[in-house]
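Data first, discussion second: the structure below is written as structure tokens.
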Amino acid sequence: ANEKIRGVLLHMGMNMWGEWLAPGEPKVKGRRYTRDEIYFSEDIWNRTVDHAKKRAFNMVVMDLGEFVNYPSHPELAVKGSWSPDRMRAEVRRLRNMGLEPIPKLNFSAAHDAWLGEYSRMLTTKPYYQVCRDVIKDTAEMFDHPRFLHIGYDEERISHQKGFQCIRTDEVWWHDFLWFVKTVEDAGMRPWMWSDYGWDHADFAEKCPKSVLQSNWNYSDLDGFDLSKYK
């Protein structure tokens, strides 16, 4: 329990960086759209986790999205999505290697195109039901892991210009706290990206202390210098 996490985040699904396109809807130049099949190299995956093991890593955070065929909602799958049994087998293999597999499902409205048409149903009964179902499916496929990373990054107007469906302020908090409770009810601890707190002074006070926080940072030249970054 006191062991420091040495983890690597690996993206298996890719439909967190694109927009869902309805049948017959024309594409808009300059926008990125979702893929209709998985974009994945098993050879690169295996070499990467083998390297992580050799470098004494102890955790792999697996960003799933459309990569898995969720039993409760097969309509979210794309060509090549892994079956639940195949994912369970990979989870067991990683554990046997000494790597703790942690699932990630990004529920940010800026990164949820993997939810298909439900990504345009934010804060509705069908949306909540689908999200609850895939959280439960994921918990079972990963044999009830310690954490579920819920993403929740870049959910601000500047990142969502042109998106059909966004949420802010009270609606953001309502849905975020709903996800926290739903993940905890499924027996996992929520993990999130913390950038909402960069722009909202009340975040630290209102966010439940049970939620594990990670700040992301892309400046590899000067490291994560708190005197330069919020």
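Condition first: part of a loop (DSSP other than H, G, I, E, B), closer than 19 Å to F176 by Cβ and either open to solvent by 10 Å² or more (accessible area, probe 1.4 Å) or among the small types (G, A, S) (or both). Now tell me which residues in segment 116-154 satisfy that.
M121, L122, T123, T124, G151, D153, E154
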List the number of the failed condition for M62; all other conditions in (1) farther than 26 Å from Q160 by Cβ; (2) outside any helix (DSSP H, G or I) hold.
(1)
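So that you can scan it fast, the table gives a plain yes or no per residue for (1) aliphatic (A, V, I, L, M); (2) at pLDDT 95 or above; (3) in a helix (DSSP H, G or I); (4) touching a strand residue (DSSP E or B) at 6+ places or on another chain (Cβ under 9 Å):
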residue	(1), (2), (3), (4)
S72	no, yes, no, no
D85	no, yes, yes, no
P101	no, yes, no, yes
H111	no, no, no, no
E170	no, no, yes, no
E184	no, yes, yes, yes
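Mind telling me which of the residues E37, E19 ends up being modelled with pLDDT under 90, acidic (D, E) and either within 20 Å of L115 (Cβ to Cβ) or touching a Lys or Arg at 6+ places or on another chain (Cβ under 6 Å) (or both)?
Going through E37, E19 in turn, the sole match is E19.
I'd like to verify a number: residues in segment 6-27 that are open to solvent by less than 70 Å² (accessible area, probe 1.4 Å), in a loop (DSSP other than H, G, I, E, B) and not polar (S, T, N, Q), how many?
Selection size over segment 6-27: 9.
The values are calculated or read from the model by the stated rules, or taken from the named source; none is laboratory data. Here the structure is a predicted model, which means the values were calculated and not measured. Neighbour counts are summed over all protein chains in view; Cβ atoms, including those assigned to glycine, are modelled from backbone coordinates with ideal geometry. We work out accessible area using only protein heavy atoms, side chains counted, and drop any ligands, DNA or RNA first. Shrake-Rupley method; radii C 1.70, N 1.55, O 1.52, S 1.80 Å.
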